[in-house]
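What follows is a set of notes on a single structure, which appears directly below.
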Amino acid sequence: MGRLSCNRRSGLQTMLAHLGDDAARFCGSVIPPIFQNSLFTYPSYEALEEAFTDEKEHYIYTRGLNPTVEVAEKKIAALEGGEMAKCFASGMAAISAAVFACVEKGSHIICVDSVYPVAYRWLSTYLPRFGVETTFVTGDSLREFEDAIRPNTRLIYLESPSSLVFKVQDIAAVAGLARQHGIRTMIDNTWATPVFQKPLSMGVDIVVHSASKYLSGQSSLVAGVLVGSAEIVRGISNREQAMLGGILGPFEAWLLTAGLRTLAVRMERHQSNAMKVARFLECHGKVKSVAYPGLPSSPYHELARRQMSGFSGVFSFTLDTGKEGVKRFVNALKYFGIGISWGGFESLVYPLAVAASSGVPDATRRQQPDYESTIRVTVGLEDVEDLIEDLDAALRTV
Ligand SMILES: Cc1ncc(COP(=O)(O)O)c(C=O)c1O
């Protein structure tokens, strides 16, 4: 380890900056290089044989382990307080590997109905082909989870806060209930990031992320990651990841690490910008409601404050108008891009009417009855005065 080495007891930003970089190993390079190679060769028969049989993981083939990908994995594992992390080609690759690891033919899953829509579709329309059934719950009470448990329930899957309707679940209570019944829990922590929420410390078994969002933060890549105990993550790495093959390439991992270095400072800025924008919208005469767990007016605020140390920059608001008003508003914006993803440096809007027309599950439509008048907003890192001025001008066109 070089002078810049740091460990898991270091502060969050110090870990983000230096943990896993191991400069001494890479010629003192301040940024670890990209190992853009598929395989690693060995000096002898015996050395290759040892790499295959040793307890310790060795670099053999990039589908299993790659030094560049490993840097991102070490940082994310430390951030989440997990023993091990594994990067995947996308958030969906991480989610599907984690779910597959928990179920077999005949298993039952309990999942919140506000889960990311593609995951909802996968659970509700694809997994039944393999005899795996899912019960969707609103996630608003522990009783609902309790009532949904069956003898064959193997997994409870949370997303808190959820990323389209911003609902919050009581993570420690659900994890405790699951543990009593020998059921694994998994949570999508993409919205909060480990900067603001650490689900493993609340008893959750597996944390998953779309690293395409805040973890990378540059809107430059698609990636996923899962974190947990070494036993669980190594099992997924050796089975689901090795066999289904959805690994992250070294170049994307290198970009992800570059993004991770600034995660904590970006999240502080996302939080402060979002709070100002949410307060502005909440007081505006043309805005009917704002769904942001960071606002005291949110029904989830108290619970969110108990289990989170801060709030990120994505929320939704409902205009006091129909679809035509939403169109005029969105088209009048200057600084907000119109687009589907989130978590990058840039501000965006996403009208839920478009989401509904492109396959948002019925459950989300039911939960958001005003969806035609609702817009998801991603508050980026720009000067907040510019963003508020832009929103104000666009609201005047409604
Ligand atoms: C909350 C959440 N989880 C998971 C995903 C899926 O991640 P990816 O697009 O990286 O596959 C997304 C993508 O938008 C998301 O918003």
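The values are calculated or read from the model by the stated rules, or taken from the named source; none is laboratory data. Predicted, not measured: the structure shown is a model, and the values here were computed from it. For neighbour counting, all protein chains shown are included, and Cβ atoms are generated from backbone atoms with ideal geometry for every residue, glycine included.
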key: Subset tally (residues that are part of a strand (DSSP E or B), within 15 Å of the ligand (Cβ to nearest atom) and touching a Cys at 6+ places or on another chain (Cβ under 9 Å)) for region 107-142   = 0
ask   = Which condition does LEU226 not pass, out of (1) more than 24 Å from TYR61 (Cβ to Cβ); (2) outside any helix (DSSP H, G or I), if it passes all the others?
value = (1)
query = TYR350 versus (1) more than 14 Å from the ligand (Cβ to nearest atom); (2) free of Cβ contacts under 8 Å to residues at least 60 places away in the same chain; (3) assigned to a strand (DSSP E or B); (4) not basic (Lys, Arg): which is the lone unmet condition?
reply = (1)
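Taking the condition of being in contact (Cβ under 8 Å) with a residue 12 or more places away in the chain and more than 18 Å from the chain's Cα centre (by Cα), how many residues in region 242-265 meet it?
In the first step, residues of region 242-265 are kept if they are in contact (Cβ under 8 Å) with a residue 12 or more places away in the chain; the result is 242, 244-265.
Narrowing the set further to residues that are more than 18 Å from the chain's Cα centre (by Cα) leaves 242, 244-245, 249-251, 254.
Here the count works out to 7.
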task = From SER297, SER341, SER312, SER316, grab the single residue that is away from the ligand (no atom under 16 Å from the Cβ) and either outside any helix (DSSP H, G or I) or in the same structural domain as HIS270 (by TED's automatic domain parsing) (or both).
result = SER297
query = Hey, among the residues in region 214-240 that are more than 15 Å from the ligand (Cβ to nearest atom) and either of a type in the set (Asp, Glu) or surrounded by 17 or more Cβ atoms within 10 Å (Cβ to Cβ) (or both), which one's farthest from SER163 (Cα to Cα)?
reply = GLU231
request  = For region 76-92, state whether one or more residues are assigned to a loop (DSSP other than H, G, I, E, B), crowded, with 16+ Cβ neighbours inside 10 Å, touching a helix residue (DSSP H, G or I) at 6+ places or on another chain (Cβ under 8 Å) and not assigned by TED's automatic domain parsing to the domain that holds VAL137.
outcome  = no
request  = Mind listing whichever residues of region 175-213 are within 13 Å of the ligand (Cβ to nearest atom), under 17 Å from GLY139 (Cβ atoms) and among the hydroxyl-bearing types (Ser, Thr, Tyr)?
outcome  = THR190
ask   = If you check PHE145, PHE166, PHE136, which single one turns out to be of a type in the set (Phe, Trp, Tyr) and more than 21 Å from the chain's Cα centre (by Cα)?
value = PHE145
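Keeping to region 25-47, report how many residues are over 25 Å from LEU248 (Cβ atoms) and in contact (Cβ under 8 Å) with a residue 12 or more places away in the chain. If you could, list the steps in order and put the result at the bottom.
Within region 25-47, the subset over 25 Å from LEU248 (Cβ atoms) is 28, 43-47.
Subsequent filtering for residues that are in contact (Cβ under 8 Å) with a residue 12 or more places away in the chain retains 28.
Within region 25-47, residues that are over 25 Å from LEU248 (Cβ atoms) and in contact (Cβ under 8 Å) with a residue 12 or more places away in the chain number 1.
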key: Hits in region 304-327 - residues which are under 15 Å from PHE280 (Cα atoms) and within 20 Å of the chain's Cα centre (by Cα)   = GLY313, VAL314, PHE315, SER316
ask   = Among (1) within 22 Å of VAL208 (Cβ to Cβ); (2) at pLDDT 95 or above, which single condition is LYS105 missing?
value = (1)
